[in-house]
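Inspection log for the structure reproduced underneath, given as structure tokens.
Just so it is clear, none of the values below were taken in a lab; they were calculated from the coordinates. Given the structure is predicted, the values throughout are model-derived calculations rather than measurements. Every residue, glycine among them, receives a Cβ derived from its backbone with ideal geometry; neighbour counts consider all protein chains shown.
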Amino acid sequence: MEIVSKRTSGELRPGPDVTPSPGEPIVVRLTAELAGGEKKTAVVAQDVPKGSEWIMFSDEGAGIGGADTAPEPLSYFGAALAF
């Protein structure tokens, strides 16, 4: 299982049909779901301007009840700050 992967056209969720105008903000959509135990799945998509969709998985460490199959959610936050 890939922890972060780009969604292909057959997997894409419908998004708004919006064309940005000069000076409009960037719009990013995030959908997160519980996937059993401490596992979570998130879909991140850039809607304006239209961009790619990515699916990401997270899990907590065994010390707090997770299976340690993916990074903890806080790890993604830390990575986002570094980028």
Residue separation between residue 26 and residue 67 times 0.36 nm, minus their alpha-carbon distance, gives in nm 11.2 nm
Folded to 0 to 90 degrees: helix 73-82 orientation relative to the chain principal axis, Cα: 50
Structure-derived Cα extents along the principal axes in Å - corresponding label in (1) 48, 28, 26; (2) 49, 31, 17; (3) 35, 29, 18: (2)
Spatially proximal lysines relative to residue 6 (Cα-Cα < 16 Å; intrachain offsets below 8 disregarded): 50
Scan the chain and hand back the longest stretch that contains none of the GluC sites (Glu not before Pro) lying in DSSP loops with at most 14 other Cβ atoms within 10 Å. 12-83
